[in-house]
Structures are given as C-alpha cells and as structure tokens.
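Below is one structure, written out as structure tokens, with a few remarks after it.
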Amino acid sequence: MDRIEEGMSAEPATAPAVVADAEAGESVSLMEQLLSDPSHDYRVLNYGDVIEGQIMHVDRDELLVDIGSKSEGIIPAREFSTLTDEERAALSVGDRVLVFVVQAENQEGQAVLSIDRARQEKSWRRLQEIYEAGEIIEAEVTNYNKGGLLVNLDGVRGFVPASQVTEIRGGDDSSKQADMARLIGSKLSLKIIEINRHRNRLILSERQAIQERRDVMKERLIEELTEGETRRGRVTSITDFGAFVDIGGADGLVHLSELSWSRVKHPSEVLKVGEEVDVYVLGINAEEKKIALSIKRTQPEPWSRVAMKYEVGQLVLGTVTQLANFGAFARIEDGIEGLIHVSELSEQRIGHPRQVVSEGQDLILRIIRIDPARRRMGLSLRRALEATDDEVAASLGPEAVELKHELMAREIEIEAEADESESEPEGEQATEPADAVVMSAESTEETPRAEDGEEESGS
C-alpha cells in the first residue's frame, strides 16, 4: 500500500517537469524560427548610422519611419527643421528618406532619428570626396563675420577668409565689411583647402578656385593659339613694364614696347583696366605657360605710309617728346617721330634745346629730310618760322598762325638774351665749351639718343 502510494505520489511529481521541458523546447524552437525568418531580421542600430527608411506616419510634430528595427523610429520636428515648407508639405506615407541615428533606443523603445543630421552627414561625405578629388564647387554666401564670408553647402557651413575672396578690398575694416555685406546672396566658385568633420571645420578659397580654373583654361588656350593670329581681349592689370590682357580665360603680356607705335613711358598712358582691345599673338611658350601679345601690331605700321603722306619742305605740327644735348624729338603723329637738331631750333646759337623748347610743347615744323627705310625724319623749327602766315594757314589751318606768332615771340626773346650776353664785359660773359660747335643735321642722324643709347628711329 505504501509502495502503491509512493508510486502514485511519484507520478504527479515528475509530470510538471516534463511539461515544462516540453514548453521550453517549443519556445526555443519558435525563437529559432523567428530568428531564422528573414522577415524578422531586425537591424542593429548604432549612433551615427545613416540609413534609409520608409515613412509610416506623418504628423506635424513628428514622423514615424520604418528602418528595419524591432520598432519604428521617430523623427521629432526639431530633427527635420532644415526642410522647407514645400518639402514638409510634400512628405507622405510610403516616401523613403535618409535618416541619421541620434539614439538607438529611447524610453519607449524607439530609435530617435534625424533628417537634418542625415543631410549634413551626407554633405560632409560628399565634401570629403570633392576635397580629395580637388574639384571646384559653387556655394552661396549666407552671412559674414569679422574674418570672412560664411557659405552654405547642403547644410554644412563653410568659411571663406577675406584674404581668399577677390572682391574684398584691402584697407580699413569698414571697407572690408561693406564688401562682405555686398556679397551676401551671391554665389562663389570655391576650392576646399581644409576639411575636418570631427571639428566641423570647412575652409574654402575663391582665389585658389579662380587660379586653378585659369591654369586649366590657359593650358587649353595655349594648345589652341597660333602665333600671328589676332584676338579680342580685356585688360586685367597694368604694371610698369606692360599690361596683362585676358584673351579667353588666360592672360598674356603686352610688353611696354608693344603697346603703341608711339613712344609710351607707362602703360597707363594708353590703357586702363577693363578696356577691351585687339591683340596680336607674338609668341607662345608652352613649357613656361607664357603668352606674348602685341597691340601695336594690330594696327598699320606708321612708317609704311610716310612716303605717301609726307614730303620734304612740308609744314607739319609736332609735339616735343624728348630733349637731348644734340636736339629735340617731336611726334608728328602716333608712331612717327623726327629729330629737330639743335641747329634747327633757333637762328641763335644755343647751348641746350631746353633754352628754346620743352617736353609736351606744340610746334610748327618743316620737314627737311625723310628716310622711311631707316625710320628717320629731320625737322626744323627755325625754317618753319620763316614761312608766311598764308602758307601756315593754308597748310595747317588758321589756328596754326597764332601758334607761329607765339613761337616767333619766343625767338625774339632768345635773340635779345643773346645780344645781352654778348654785350656783357669780358670776364662776366658766360663762356661756351669748345665742343658746343653746332653740328649739321645730317651728321646728327647717327647720334644716339640721350636716354636709351639707341639710334633715332622715330618709334
């Protein structure tokens, strides 16, 4: 009986354990099935993940998004603030959006997501690629501070130092501030010169972008250019030795000697920045990436038509351009200069041309010699003053008659000064050096110029 009772009492003791084991086995089996079912392959989220999700619900204050985790992710309104009103209105259930994981799980078990940060992260990755590739990008100026301009690049704020912006002038702070304020809203071509995602640091340069573009354009232009061709260009800068002209994205140099057929002391006399001009391609140095240009060679060479336009004995108007010990040079038209030998300046014997004429002075002159092949012309002031008023008026116009009288009055003054000097007692009279003997105009043709040591060329 006791055995029976023992046996009977043993049955209920073991039965629950068996059931529990069976249920546990079923649970494990079910879990394994769930885990093995692709439809329940939940994504493991980490902060900073950028993933694509599908909008499940749209609300004014939040969005619910299916991102493949065990629960839907939530996007608070503050995390899609960069969307425009139009973009917000266009959001609808089923749309796919790129999101940034701000928090893997909140108190409700939902992932906190951000569209704003996803956009920014995507932009940073794109900017990094642009930086590594050395590409140039466009960006709009949104604001400025003391040091430079602020720009927006798809949600990433960049900084362009004032020194790296071409349109910001130097000088005082007020001028810089005015220039920077004027640039707000404009778009600039920029080159990334520094990027650091962790420090949110993005530095850009307009100057480098422009220079690199110009280098590329210059290489292309050098390949296309042909010596001897003429192009239209714009003056970009002026220096003491010449002017730089943009001929299609690249600058070429017009040397001082190639600006005009006339004598030019400084490029600013004949050119100004921004002016459009025709230029002749003199030479191309592909290795050094230099282009030599000429402005004067786009115009007829003046001496080529001298023989047809002028003759010996003709009266002309001229302007004194340079004084030398042996005489004065006068320009009678652009590119045509002649020499007035000291013996042809006055009837009186003079020590230096400055006693009779000065640079910039207008004169009536008579041509006494023409040599087009050697680009030389001999002129005479004293022989021009021997002409009658009728001859001067017929040749040069009535205004020239008045100029003749002014010059003759000066000649009278010189004569009076000479007479006064000769009447001075011996010992007080100024003496001339022995070498001040008047040379003939013919012999002076070979005399070098006082300044540059070149033979008279008239150019």
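Table for the structure above
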quantity	calculated
From the options VAL160, VAL156, residue that is among the β-branched types (Val, Ile, Thr), within 18 Å of the chain's Cα centre (by Cα) and closer than 18 Å to ASN200 by Cα	VAL160
Members of segment 109-156 that are closer than 27 Å to ARG96 by Cβ and charged (D, E, K, R)	ASP116, ARG117, ARG119, GLU121, LYS122, ARG125, ARG126, GLU129, ASP154
Segment 261-281, residues that are in a loop (DSSP other than H, G, I, E, B) and within 17 Å of the chain's Cα centre (by Cα)	LYS272, VAL273, GLY274, GLU275
Residue match in segment 214-229 (condition: under 11 Å from the mean Cα position of the chain (by Cα) and under 21 Å from ALA139 (Cβ atoms))	yes
Residue check for GLU311: in a loop (DSSP other than H, G, I, E, B), over 18 Å from the mean Cα position of the chain (by Cα) and not assigned by TED's automatic domain parsing to the domain that holds HIS352	no
Residue within segment 286-305 that is under 30 Å from GLY252 (Cα atoms), exposed (fewer than 15 other Cβ atoms within 10 Å of the Cβ) and touching a Lys or Arg at 6+ places or on another chain (Cβ under 9 Å) present	yes
Of all residues making up segment 77-114, the number that are under 47 Å from the mean Cα position of the chain (by Cα) and either over 14 Å from TYR47 (Cα atoms) or aromatic (Phe, Trp, Tyr) (or both)	20
Residue within segment 303-319 that is touching a residue at least 24 places away in the same chain (Cβ under 8 Å) and either in contact with a Phe, Trp or Tyr (Cβ under 6 Å, 6 or more places away or on another chain) or farther than 21 Å from ARG376 by Cβ (or both) present	no
Enumeration of residues in segment 314-339 that are in a loop (DSSP other than H, G, I, E, B) and under 41 Å from the mean Cα position of the chain (by Cα)	ASP334, GLY335
Failed item, numbered, when SER457 is tested on (1) at pLDDT 60 or above; (2) polar (S, T, N, Q); (3) not in a helix (DSSP H, G or I)	(1)
Residue match in segment 205-217 (condition: over 24 Å from GLU288 (Cα atoms), outside the structural domain of PRO267 (by TED's automatic domain parsing), out of contact with any helix residue (DSSP H, G or I) (no Cβ under 6 Å at 6 or more places or on another chain) and not in a helix (DSSP H, G or I))	no
Inter-residue pairs, beta-carbon under 8 Å, first without any contact (Cβ under 8 Å) to a residue 40 or more places away in the chain and in segment 72-89, second of a type in the set (Lys, Arg), 6+ apart	ALA77/ARG60; GLU79/ARG117; PHE80/ARG88
Residue check, LEU293 at pLDDT 95 or above, farther than 22 Å from THR226 by Cβ and in a strand (DSSP E or B)	no
Yes/no for LEU188 being under 30 Å from ILE74 (Cβ atoms) and buried (at least 18 other Cβ atoms within 10 Å of the Cβ)	no
Yes/no for MET180 being of a type in the set (A, V, I, L, M), under 15 Å from GLY147 (Cβ atoms) and in a helix (DSSP H, G or I)	yes
Condition check for ALA394: hydrophobic (A, V, I, L, M, F, W, C) and surrounded by fewer than 22 Cβ atoms within 10 Å (Cβ to Cβ)	yes
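Conditions tested, residue by residue: (1) at pLDDT below 75; (2) part of a helix (DSSP H, G or I); (3) small (Gly, Ala, Ser); (4) touching a strand residue (DSSP E or B) at 6+ places or on another chain (Cβ under 9 Å).
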position	(1), (2), (3), (4)
VAL392	no, yes, no, yes
GLU399	no, yes, no, no
LEU403	no, yes, no, yes
LEU407	no, yes, no, yes
GLU411	no, yes, no, no
ILE414	no, yes, no, no
GLU420	yes, yes, no, no
PRO425	yes, no, no, no
THR431	yes, no, no, no
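The values are calculated or read from the model by the stated rules, or taken from the named source; none is laboratory data. All values derive from a computational prediction rather than experimental measurement. Cβ coordinates were reconstructed from backbone atoms using ideal geometry, including for glycine residues, and neighbour counts include every protein chain displayed.
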